[in-house]
Amino acid sequence: MQAPLAQIMTQHPLQDAFSNPPTHLPLLPPTSFVRITKEAQKHFEGDRFSFMQSGDPAQPSIVMLHGIGSHAAYFRFQMHALSKSHHVVAWNAPGYWLTDALRVDAPSDLDYAQALAGFLDALGLDRVVLCGNSFGSAVAQAFAIHYPERVSHLVLSGTGVGQREIGEARRQAFEARAQRVMAGGYAYGDAGVDSLVAKDTPLWIKDMLIDISRGIQAKGLLAAVAFRLSNFYSPDHAHLIEAPVMMIQGQEDRTNPRQENADLLKAVLKEAQLIELPFVAHLPEVEAYERYNALVLDFISSNSDSLSQ
């Protein structure tokens, strides 16, 4: 059973990492490829998905969707730990890493939902546990809205729900990212990650995140920015989601503050779990990876009936 919120955490989730950072990070699996199905190819500039996977494909699948400034390698800790009991798949979104881009420059929620459906079809995955961070959380919501029967559990972190009207500050923040990536992957990473993580996040985690961000391709990020500046506002459609939902919210998240995002979705999804983690900001998969992994496994096991429906 899920622990009460007050018992979630009383100390920094990575307190030992300040003095004892890991000498070896968990190894990443190799980049894998799968052909985009003929039906889905009409939406893409090419025929190739790239992704990473770990664990036994015969086990239930957890599919991880990265944020706007990231890619599959972001889920290093999940592919290492969750693969002990599940098949873990981390996609590279259209236009990211070595996945071919979508034909449209400003994809809609349906465009990304169809892209993810095509990816799952190519892998022969019918129904999955779906986990998304930030931009990935918006894609996950879009998929759960358009293909509710294909999601057994929905886990969102750094949850973004969009806005009916885009504020100027939000527009400027996304457009600044677009301008940076146009100057190159190193230029994108040069801005650092301080705005995305909690103030006491260890330096080795920041360095790892910066290295990940340098692998961004402009085509993918620009499309993702256009989507996040679109009129997709998930609470308007969330009643279509059938899977149990858990949102993992960093208390220090300044990118997608709880009051403007997760709380609005929770108001529609009354049964959804909303877990707030202190000492964590926008990226709990790396800032508090052990706690995140435990929460995901507990959520799946506590809602095990959803896997067999």
Filter result (touching a Lys or Arg at 6+ places or on another chain (Cβ under 7 Å) and in contact (Cβ under 8 Å) with a residue 40 or more places away in the chain) within the stretch 171-192: Phe174, Tyr188
Residue among Ala187, Ala183, Ala169, Ala218 that alone is surrounded by 16 or more Cβ atoms within 10 Å (Cβ to Cβ), at pLDDT below 95, over 27 Å from Ser301 (Cβ atoms) and out of contact with any Leu (no Cβ under 9 Å at 6 or more places or on another chain): Ala218
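Among Ala191, Ala198, which is touching a strand residue (DSSP E or B) at 6+ places or on another chain (Cβ under 8 Å), small (Gly, Ala, Ser) and not in a helix (DSSP H, G or I)?
Values: Ala191 fails: touching a strand residue (DSSP E or B) at 6+ places or on another chain (Cβ under 8 Å).
Unique residue meeting the criteria: Ala198.
What number of residues within the stretch 50-67 satisfy the criterion of being part of a loop (DSSP other than H, G, I, E, B) and either surrounded by 24 or more Cβ atoms within 10 Å (Cβ to Cβ) or on the phi > 0 side of the Ramachandran plot (or both)? Can you show your working first?
So the first thing to find is which residues in the stretch 50-67 are part of a loop (DSSP other than H, G, I, E, B), and the list is 55-60, 66-67.
So of that shortlist, the ones also either surrounded by 24 or more Cβ atoms within 10 Å (Cβ to Cβ) or on the phi > 0 side of the Ramachandran plot (or both) come out as 55, 66-67.
Counting residues in the stretch 50-67 that are part of a loop (DSSP other than H, G, I, E, B) and either surrounded by 24 or more Cβ atoms within 10 Å (Cβ to Cβ) or on the phi > 0 side of the Ramachandran plot (or both) gives 3.
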Unique residue being under 13 Å from Pro30 (Cα atoms) and small (Gly, Ala, Ser) when the list is Ala81, Ala73, Ala58: Ala73
Index of the failed condition, Asn303 passing every other in (1) modelled with pLDDT under 95; (2) surrounded by fewer than 17 Cβ atoms within 10 Å (Cβ to Cβ): (2)
Any hit, the stretch 103-122, residues being in contact (Cβ under 8 Å) with a residue 40 or more places away in the chain, surrounded by fewer than 22 Cβ atoms within 10 Å (Cβ to Cβ) and aromatic (Phe, Trp, Tyr): no
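With respect to Val155, is the statement that it is over 18 Å from Phe227 (Cα atoms) and of a type in the set (A, V, I, L, M, F, W, C) true? Outline the logic, then answer.
On the way: over 18 Å from Phe227 (Cα atoms): yes; of a type in the set (A, V, I, L, M, F, W, C): yes.
When the stated conditions are applied, Val155 passes them.
Residue-wise test of (1) loosely packed, with under 13 Cβ neighbours inside 10 Å; (2) touching an Asp or Glu at 6+ places or on another chain (Cβ under 7 Å); (3) under 30 Å from Ser301 (Cα atoms).
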| site | (1), (2), (3) |
| --- | --- |
| Ala173 | no, no, no |
| Arg214 | no, no, no |
| Ala223 | no, yes, no |
| Met246 | no, no, yes |
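This table checks each residue for (1) modelled with pLDDT of 95 or more; (2) within 16 Å of the chain's Cα centre (by Cα); (3) within 23 Å of Asp211 (Cβ to Cβ).
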position: Ala73; (1), (2), (3): yes, yes, yes
position: Phe77; (1), (2), (3): yes, yes, yes
position: His87; (1), (2), (3): yes, no, no
position: Trp97; (1), (2), (3): yes, yes, yes
position: Leu102; (1), (2), (3): yes, no, no
position: Leu110; (1), (2), (3): yes, no, no
position: Ala113; (1), (2), (3): yes, yes, no
Residue that is nearest to Val296 (Cα to Cα) [pool: residues in the stretch 124-166 that are part of a helix (DSSP H, G or I) and of a type in the set (D, E, K, R)]: Arg150
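Consider Ser134 carefully, then state whether it is at pLDDT below 95, within 19 Å of the chain's Cα centre (by Cα) and closer than 25 Å to Glu260 by Cβ.
On the way: at pLDDT below 95: no; within 19 Å of the chain's Cα centre (by Cα): yes; closer than 25 Å to Glu260 by Cβ: yes.
Taking the combined requirement at face value, the residue does not satisfy it.
If I ask for residues that are hydroxyl-bearing (Ser, Thr, Tyr) and either assigned to a helix (DSSP H, G or I) or surrounded by fewer than 24 Cβ atoms within 10 Å (Cβ to Cβ) (or both), which ones from the stretch 70-91 would you list?
If we filter the stretch 70-91 for residues that are hydroxyl-bearing (Ser, Thr, Tyr), which is where we start, we get 70, 74, 83, 85.
Within the stretch 70-91, Tyr74, Ser83, Ser85 qualify.
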Top-ranked residue in the stretch 5-46 [being loosely packed, with under 12 Cβ neighbours inside 10 Å and of a type in the set (A, V, I, L, M); ranked as modelled with the lowest pLDDT]: Ala6
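Out of all the residues in the stretch 216-275, which are of a type in the set (Gly, Ala, Ser) and assigned to a loop (DSSP other than H, G, I, E, B)? Before you say what the answer is, go through the steps one by one.
We begin by selecting, within the stretch 216-275, every residue of a type in the set (Gly, Ala, Ser); these are 218, 220, 223-224, 226, 230, 234, 238, 243, 250, 262, 267, 272.
Those that are of a type in the set (Gly, Ala, Ser) and assigned to a loop (DSSP other than H, G, I, E, B): Ser230, Ala243, Ala272.
Determine, yes or no, whether Phe49 is at pLDDT 95 or above, under 17 Å from Arg291 (Cβ atoms) and within 21 Å of the chain's Cα centre (by Cα). Walk me through how you get there before you give the answer.
Numbers: at pLDDT 95 or above: yes; under 17 Å from Arg291 (Cβ atoms): no; within 21 Å of the chain's Cα centre (by Cα): yes.
For Phe49, the condition - at pLDDT 95 or above, under 17 Å from Arg291 (Cβ atoms) and within 21 Å of the chain's Cα centre (by Cα) - is not met.
Does the stretch 297-309 contain at least one residue that is touching a strand residue (DSSP E or B) at 6+ places or on another chain (Cβ under 8 Å), small (Gly, Ala, Ser) and within 22 Å of Ile68 (Cα to Cα)?
If we filter the stretch 297-309 for residues that are touching a strand residue (DSSP E or B) at 6+ places or on another chain (Cβ under 8 Å), which is where we start, we get 299-300, 303, 306-307, 309.
Of the ones still in play, those that are also small (Gly, Ala, Ser) are 306.
Subset that is within 22 Å of Ile68 (Cα to Cα): none.
The answer is no, given that none of the residues of the stretch 297-309 is touching a strand residue (DSSP E or B) at 6+ places or on another chain (Cβ under 8 Å), small (Gly, Ala, Ser) and within 22 Å of Ile68 (Cα to Cα).
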Extreme residue, surrounded by the fewest Cβ atoms within 10 Å (Cβ to Cβ), among residues of the stretch 147-166 that are more than 17 Å from the chain's Cα centre (by Cα) and touching a residue at least 60 places away in the same chain (Cβ under 8 Å): Arg164
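The values are calculated or read from the model by the stated rules, or taken from the named source; none is laboratory data. These figures come from a predicted structure and were not determined experimentally. Counting neighbours? That spans all protein chains shown, and the Cβs are built from the backbone with ideal geometry, glycine included.
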